[in-house]
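Worksheet: one structure, shown below.
The values are calculated or read from the model by the stated rules, or taken from the named source; none is laboratory data. Just so it is clear, the model here is predicted, and its values are computed rather than measured. No Cβ is skipped: glycine too gets one built from the backbone with ideal geometry, and neighbour counts run over all protein chains shown.
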Amino acid sequence: MFQATLKELVQGKTLSEKEAEVVMNDIMDGKVDSNQISAYLALLSLRGETADELTGSVRGMRAHALPLKYADPLLDIVGTGGDGMATFNLSTAAAIVLSSLGVNVAKHGNRSVSSTSGAADALEALGISIQSTPASAAALLEQTHMCFLFAPLYHASMRYAIEPRKSLGFRTIFNQLGPLTNPAAAAYQLLGVYSRELAKRYAEVLVKLNTKRALVVTGSDGMDELTIAGKTDAYLIEKNQIHTFTLIPEDVGLTRGTIEELRVHNPQESAKLIETVLTGTSRNASAINAVLLNAGAGLFTAGKTKSIAEGVRVAREAIQSGRAAKQLQLLRAKTKVMLHA
């Protein structure tokens, strides 16, 4: 059957949502050999994945994930990576600010693939453990309003695709699936992507997945976050409708900054910059405003504020009052206790 699917792809055909789901189920069940997986990934990448193919693949991956069940609605804030900007972990910093304000954040992520520092790398450098089980993650949410879902622990079936992905050496559908396959099935999602084309496709997929509320963003400079250096294109998904708008920092009361001031060389530099921003000791205006912008968007996405501008003001207060700094210490302490429990 898989050979027939490959033949169809060679002929230029696209897969239906159901067909893509079946293929992903077979890959996750270990029914497809490495060469066939490599061929499948390469063919999709060469043509470009459709919204139906992404949606079906998401359903297949979600079905094989180790689920985290939590009674209250959760927010995920994550970027695809792959923007080549080498910036510090903005979404990680924003997640800590958001959780300090009582937003329940289940951040799904991994180590670096193409960037200088993945979310997992930055958290470890900050002294926050990335190891968890569904039970300990739920307990962390209860105690701190935040948990980190380290992808390899929750997507064990991905082991069948590791070698094919490595052998190809270029971006595949799996790079796009990560942000869409949160094991906690987050009701609210702030997703950053590296291009307008992918942002539009993500928006379509989120509608097909009946997402409660999501905001897909991409910087005009190619940044996979809301950019502090220029215009951000945004796609708001709510009630199965897509609303588009653009945003510049000045629209929400922030001063425009530069990408250069956000760049880091390793996880340790990323962690240091995050900590200075959260503790209110940073003199890097671009970094501070970038965190405020993305945290503000997170508050808006989670329905905690009526606008991103209001969210920015609330996030600023969280840092100035010391709440964000206290949250960083709390996360360090609680994850350390659970790691040794």
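Of the residues screened, Arg263 is not one that is charged (D, E, K, R) and touching a helix residue (DSSP H, G or I) at 6+ places or on another chain (Cβ under 7 Å). Does Thr255 satisfy being closer than 27 Å to Thr211 by Cβ and of a type in the set (Ser, Thr, Tyr)? No; evaluated as a whole, the condition is false for this residue.
Residue-level analysis places Ile130 among those that are under 18 Å from Pro183 (Cα atoms), assigned by TED's automatic domain parsing to the domain that holds Ala297 and aliphatic (A, V, I, L, M). Does the stretch 98-105 contain any residue that is touching a helix residue (DSSP H, G or I) at 6+ places or on another chain (Cβ under 7 Å), of a type in the set (Ser, Thr, Tyr) and farther than 30 Å from Ser321 by Cβ? Among the residues of the stretch 98-105, not one is touching a helix residue (DSSP H, G or I) at 6+ places or on another chain (Cβ under 7 Å), of a type in the set (Ser, Thr, Tyr) and farther than 30 Å from Ser321 by Cβ, which makes the answer no. For the stretch 197-241, filtering for residues that are within 21 Å of Thr181 (Cα to Cα), of a type in the set (Asp, Glu) and surrounded by fewer than 24 Cβ atoms within 10 Å (Cβ to Cβ) leaves 3. Taking the stretch 126-242 as the region of interest, the helices (runs of 4 or more DSSP H) fully inside it that hold 2 or more residues being under 19 Å from the mean Cα position of the chain (by Cα) and touching a residue at least 12 places away in the same chain (Cβ under 8 Å) are 134-144, 151-154, 173-177, 196-208.
The combined condition, being small (Gly, Ala, Ser), surrounded by 20 or more Cβ atoms within 10 Å (Cβ to Cβ) and either assigned to a loop (DSSP other than H, G, I, E, B) or in contact with a strand residue (DSSP E or B) (Cβ under 7 Å, 6 or more places away or on another chain) (or both), is not fulfilled by Ser112.
For Gly60, indicate whether it is modelled with pLDDT of 95 or more, more than 30 Å from Ile228 (Cα to Cα) and either surrounded by 21 or more Cβ atoms within 10 Å (Cβ to Cβ) or assigned by TED's automatic domain parsing to the domain that holds Ala287 (or both). Spelling it out, Gly60 is indeed modelled with pLDDT of 95 or more, more than 30 Å from Ile228 (Cα to Cα) and either surrounded by 21 or more Cβ atoms within 10 Å (Cβ to Cβ) or assigned by TED's automatic domain parsing to the domain that holds Ala287 (or both). Note on the stretch 81-102: residues that are within 22 Å of Thr227 (Cα to Cα) and either in contact with a His (Cβ under 7 Å, 6 or more places away or on another chain) or not polar (S, T, N, Q) (or both) total 15. Please work out which residue is surrounded by the fewest Cβ atoms within 10 Å (Cβ to Cβ), limiting yourself to the stretch 247-266 and to residues that are touching a Phe, Trp or Tyr at 6+ places or on another chain (Cβ under 8 Å) and over 23 Å from Val314 (Cβ atoms). Step by step, filter the stretch 247-266, then rank; the result is Arg263. For the structure I just gave you, tell me whether Thr244 is among the β-branched types (Val, Ile, Thr), at pLDDT 95 or above and surrounded by fewer than 16 Cβ atoms within 10 Å (Cβ to Cβ). Yes; evaluated as a whole, the condition is true for this residue.
Yes/no matrix, rows are residues, columns are (1) under 18 Å from Arg201 (Cβ atoms); (2) touching a residue at least 24 places away in the same chain (Cβ under 8 Å); (3) assigned by TED's automatic domain parsing to the domain that holds Leu198; (4) touching a helix residue (DSSP H, G or I) at 6+ places or on another chain (Cβ under 8 Å):
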site	(1), (2), (3), (4)
Leu15	yes, yes, no, yes
Lys18	no, yes, no, yes
Ile27	no, yes, no, yes
Gly30	no, yes, no, yes
Asp33	no, no, no, no
Ile37	no, yes, no, yes
Leu41	yes, yes, no, yes
Leu46	yes, no, no, no
Glu49	yes, yes, no, yes
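Among the residues examined, Glu250 does not qualify as within 19 Å of Glu53 (Cβ to Cβ) and free of Cβ contacts under 8 Å to residues at least 24 places away in the same chain. So is Leu262 touching a strand residue (DSSP E or B) at 6+ places or on another chain (Cβ under 9 Å) and not charged (D, E, K, R) or not? So Leu262 passes the test. Within the stretch 243-285, the residues that satisfy the criterion of being more than 25 Å from Gly222 (Cβ to Cβ), more than 23 Å from the chain's Cα centre (by Cα) and among the polar types (S, T, N, Q) are Thr279, Thr281. Within the stretch 269-306, the set of residues being exposed (fewer than 15 other Cβ atoms within 10 Å of the Cβ) and in contact (Cβ under 8 Å) with a residue 24 or more places away in the chain comprises just one member, Gly280.
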